[in-house]
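The values are calculated or read from the model by the stated rules, or taken from the named source; none is laboratory data. Bear in mind the structure is a predicted one, so any value in this text is a computation, not a measurement. Cβ placement follows ideal geometry from the backbone for every residue including glycine, while neighbour counts extend to all protein chains displayed. When the accessible area is computed, the model is the full protein with side chains, heavy atoms only, and any ligands, DNA or RNA have been set aside. Shrake-Rupley method; radii C 1.70, N 1.55, O 1.52, S 1.80 Å.
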Amino acid sequence: MSTPLASPKKPATDITRVAILFSGGPAPAANSVIGSAASCFAQAGVEVFGMKNGYTHLIDFKEGDKLAEGSDYIRLDKMPLEGLRTLQGICIGTARANPGKLMKTPADLKDPAKTAPMMNVYKALCSMGIDALISIGGDDTLTTAAKFKLFMDNLPADKKRIKVVHLPKTIDNDYEGIPFTFGYFTAVEMLAKQLRCLLADSEAANGGYVCQLMGRKAAWLAYGAAIAGEASIVIGLEDIPSEWQTTEETIDPESGKIIRTEDGKPLMRTVFSIEKIVDRCVNVILAREAQGKNSFVAVISEGMAEFLPLSEIKMCVSDDEYRSLKPDSFGHFPVSQLKYSSRLSRLIIEEYKRRTGKSRKISGLQFGYEVRCNTPTAFDVILGSQIGVGCYRALCEKNLNGVMISVSGLMELGFPTFEELIDMEKLRATARPITVGSDVHQLARYLEAWTD
């Protein structure tokens, strides 16, 4: 810019059409990202196509098909964008269609059958004359973006190359390469308000609550909400030490049979002793009572449900729900279907009575989906807007390809490559749990009632 108030100069770029898609679960400030990106591209004279419902319509594309405006995509550069950045929801929708799910190793890039869904996506985008794909989503979507880049790298030299950049999204905040993802603090703020209300209710009624919050691989959401909401204790999967863990055979709930690996051996799954969690919670209740505090609100990350013993899982759901559970290839059960907070609260009640001889009401609750489309806070609107602008600057100003847009410090942009974020041998994004012993992890311990 020539002066501080000068507008950005239109760059010399060969990109004339871009496609933006959103994949996976919603997050606050999604429209901040989409709207800011679309505004920049449109003002630079680049056509912007918002692909509806993620990869859904691209993955089913067949030779000779024609994607339809309205049902398959919308023209973001032709619609009024003012007001979009602060709007709830996702203007282009989302879905979990995954064109890269069959591609699990670099060798799969040479397998036409395993790359067929990715080829459909490529042909669909080519049919629209798309020069760059902008994907918005979590670590699975980042992995898909990296696979799409690798897929194009392996195309014959005379084939069109579509540039690809990824914009990180997850309220779980479990992303390598960026300190905080957009929507995280909005989700934390809403959950913290709910926890503060429960704390007041608990104090008034001399009861208690065990709250199960979203977060499969990392407890960032649980820790953030607990600290901001003044919860009595927060526990995540990261807090389970190895000495509390053991293994057991994985049983198919529907058939009752042992699930076996390809070589015929029982598929073993890691489990932990829930009694240790119960003991810790009761210790905190007693420590709080010694301080004259009657309230008790525990926050538990739902990712721990994957590691419950099967005997405990049976206690968390009805027989019908139990039979419908489908463990994945690693023996992990679907955590969102396991409301284990009620079971944990009952165990806490029993242990509390055993130790004190007194009865106390403690209820289990499950939070999560209600926060994903909450009205974004100003911080997340700013963060999301910078990420959206960042994808324009990466593609049109810096001519980058195969990067994720990152924001750090005082909203400074960064552009880590896919190779920095992906395990290229396993074709999987690197997760980022809370580091046990880090200052943010220890912050919760300092604010809880000290029991040791």
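Counting only protein heavy atoms and using a 1.4 Å probe, the accessible area of Arg323 comes to about 120 Å². Amide H to amide H distances under 5 Å link Lys217 with no residue, where only residues 5 or more positions off or on other chains count and H is placed in the peptide plane. Farthest towards the positive end of the charge dipole of segment 173-265, among the residues Gly256, Trp220, Phe182, is the Cα of Phe182, using unit charges on the Cβ of Lys, Arg, Asp and Glu. Couplings 3J(HN,Hα) for segment 131-142, derived from phi with the Karplus relation 6.51 cos²θ - 1.76 cosθ + 1.60 (θ = phi - 60°), are 9, 8, 10, 10, 9, 10, x, x, 5, 5, 5, 4 Hz, where x marks Gly and Pro.
Multiplying the residue separation of Thr86 and Ala68 by 0.36 nm and subtracting their alpha-carbon distance yields 3.7 nm. In the distance distribution for segment 1-107, Cα-Cα pairs more than 17 Å apart total 62 percent. Here the relative contact order of the chain, from alpha carbon pairs under 8 Å that lie six or more residues apart, stands at 22 percent.
Here Tyr446 and Glu397 are evaluated by their C-beta separation; at R0 = 41 Å the FRET efficiency comes out at 0.40. The phi-based Karplus calculation (6.51 cos²θ - 1.76 cosθ + 1.60; θ = phi - 60°) puts the 3J(HN,Hα) values of segment 92-104 at 10, x, 8, 6, 10, 4, 10, x, x, 5, 8, 8, 10 Hz, whole numbers, x for Gly and Pro. In terms of the mean number of neighbouring beta-carbon atoms within 10 Å, the peptides 282-289, 242-249 order highest first as 282-289, 242-249.
Spin-label pair Arg96-Asp201: with each label point 7 Å from Cα along the Cα-Cβ axis, the two points sit 2.8 nm from one another.
When each of the peptides 438-444, 220-226, 138-144 is scored by the mean number of other C-beta atoms lying within 10 Å of its residues, the order from highest to lowest reads 220-226, 138-144, 438-444.
In terms of the mean number of neighbouring beta-carbon atoms within 10 Å, the peptides 26-35, 356-365 order highest first as 26-35, 356-365.
Can you tell me how segment 159-312 classifies by the Cα gyration tensor, rounded, prolate or oblate, using a/c under 1.5 as the rounded cut? Oblate, because a/c is 1.5 or more while a/b does not exceed b/c.
Work out the FRET efficiency for Leu5 and Phe379 from their Cβ-Cβ distance, taking R0 = 22 Å, and round it to the nearest 0.05. That pair, Leu5 with Phe379, gives E of 0.30. Using heavy atoms of the protein chains and a probe of 1.4 Å, the accessible area assigned to Met424 is about 50 Å². Near the amide H of Tyr209, within less than 5 Å, lie the amide hydrogens of Phe296, Val297, Ala298, Ser363, all on another chain or at least 5 residues away, with H placed in the peptide plane. Note that segment 339-348 has calculated 3J(HN,Hα) couplings of 7, 8, 5, 5, 5, 5, 5, 5, 5, 5 Hz, one per residue in order, obtained from phi through the Karplus relation 6.51 cos²θ - 1.76 cosθ + 1.60 (θ = phi - 60°); glycine and proline are x. Spin-label model, Ala290/Thr246: points 7 Å from Cα along the beta carbon direction are separated by 3.0 nm. Once the chain from Lys104 to Lys353 is taken as fully extended at 0.36 nm per residue, the excess over their C-alpha distance is 84.6 nm. The simple spin-label model puts a point 7 Å past each Cα toward its Cβ; for Lys123 and Glu425 those points are separated by 3.5 nm. Averaged over its residues, the chain has an accessible area of 45 Å² per residue, based on protein heavy atoms and a 1.4 Å probe. By the helix-only formula, in which each DSSP H run with n ≥ 4 contributes -39500 (n - 2.57) and the sum is divided by residues, the chain has a 222 nm mean residue ellipticity of -10500 deg cm²/dmol.
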